[in-house]
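Peer 1: Once you've had a glance at the structure underneath, I'll fire off some questions.
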Amino acid sequence: MNRVAYRLVIFLMAFGLDPLEARIVSGVCPPYYASIKYSKANSHKGPGTQYKVACAYVYPGIPVVITAKYDNWRRIKDPDGDESWIHKSKLSSKRSVIVICENGVALMDGRGERASIIAHVKKNVVMSLLSVRGNWCKVEVQNGDNGKRYIGWVENGKVFGVYDNESL
């Protein structure tokens, strides 16, 4: 092994990085949000179908964070914090959020203290992200029981799929 390659391996190991994984991840990218496109989408432990299935997503719209790229594969982090690789064709640029609070979240008719509650949204419900203003995001959600659509505001900290103080 030449001296430069040897130093790189020592450097990677000093920071707890696996030199083999560093070769696989060809394009570490700034994190950005996307969503699962289909009701059946498998992610894998590595960038390819030859790797074991890490997760089988069975609901479209689940927001994920893209953290790296390799060819047509994207490393994602899901709302549970699990990381895996998924083919880019199974991802959508359509933004969504998912409720992460145990007790759900109040959907408000506006932002701030004067707003009134429109509906209560349970944990793990996926909502379409329409816009973001400060620490609030405007979302659309459909009631699974009666099909009625609601548009309202939720606080950013109670959902996964949006950055703090993001503008959208």
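Peer 1: Work through the residues other than K88 whose Cβ is under 13 Å from its Cβ and net out their charges, Lys, Arg +1 and Asp, Glu -1.
Peer 2: Details: positive: K37, K69, R74, R75, K90; negative: D71.
Overall, the nearby charge balance is +4.
Peer 1: Right, next: In sequence order, what are the phi-derived ³J(HN,Hα) couplings for the range 48-57 according to the Karplus relation 6.51 cos²θ - 1.76 cosθ + 1.60 with θ = phi - 60°, rounded to whole Hz, with x for glycine and proline?
Peer 2: x, 6, 6, 8, 4, 5, 8, 8, 10, 7
Peer 1: Picking from V125, I151, I100, whose Cα lies most toward the positive end of the charge dipole for the range 97-160 (charges on Cβ: Lys, Arg +1; Asp, Glu -1)?
Peer 2: My answer, from the dipole projection, is I151.
Peer 1: Could you order peptides 84-91, 47-54 by the average number of other Cβ atoms within 10 Å of their residues, highest first? Write out the running numbers ahead of the final one.
Peer 2: On the way: 84-91: 18.2, 47-54: 13.5.
Final packing ranking: 84-91, 47-54.
Peer 1: What is the gain in length, in nm to one decimal, between S131 and Y32 on full extension, counting 0.36 nm per residue of separation less the C-alpha to C-alpha distance? Could you put the intermediate results ahead of the total?
Peer 2: Values: separation 99, 0.36 × 99 = 35.64 nm, distance 1.57 nm.
The span from S131 to Y32 would gain 34.1 nm if fully extended.
Peer 1: In addition: Could you calculate the contour length gain from K77 to K45, that is, 0.36 nm times the residue separation minus the distance between their Cα atoms, to one decimal place in nm?
Peer 2: Numbers: separation 32, 0.36 × 32 = 11.52 nm, distance 1.20 nm.
Taking 0.36 nm per residue and subtracting the Cα distance, the gain is 10.3 nm.
Peer 1: Two decimals, Cα atoms only, Kirkwood Rh: what is Rg/Rh over the range 26-94? Before the final figure, lay out each step's value.
Peer 2: Values: Rg = 10.5 Å, Rh = 11.5 Å.
Expressed as Rg/Rh, it is 0.91.
Peer 1: Under a crude label model (7 Å from the Cα following the beta-carbon direction), how far is S92 from N165 in nanometres?
Peer 2: Result for the modelled spin labels: 3.1 nm.
Peer 1: Can you tell me the alpha carbon radius of gyration of the range 32-168 divided by the globular rule-of-thumb value 2.2 N^0.38 Å? If you can, show how the numbers build up before the last one.
Peer 2: Values: Rg = 15.6 Å, N = 137, 2.2 N^0.38 = 14.3 Å.
Compactness ratio reported: 1.09.
Peer 1: If you take every residue apart from I100 with its C-beta less than 9 Å away from the C-beta of I100, what net charge results, scoring Lys and Arg +1 and Asp and Glu -1?
Peer 2: Values: positive: K123, K158; negative: E102.
That works out to +1.
Peer 1: Hey, which of these cross-link pairs are over 21 Å Cα-Cα: K88/K158; K52/K90; K123/K148; K52/K123; K45/K90? Please list the in-between numbers first.
Peer 2: Numbers: K88/K158 27 Å; K52/K90 17 Å; K123/K148 18 Å; K52/K123 29 Å; K45/K90 16 Å.
Beyond 21 Å: K88/K158; K52/K123.
Peer 1: Just subtract the alpha-carbon distance of N146 and I118 from 0.36 nm times their residue separation and send over the number in nm, one decimal. Before the final figure, lay out the partial values.
Peer 2: Values: separation 28, 0.36 × 28 = 10.08 nm, distance 1.54 nm.
Gain in length upon complete extension: 8.5 nm.
We did not get these values from a lab; they are worked out from the coordinates using the rules stated. None of the values given here were measured: they were computed from a predicted structure. Here Cβ is always computed from backbone atoms with ideal geometry, including for glycine, and neighbour counts include all displayed protein chains.
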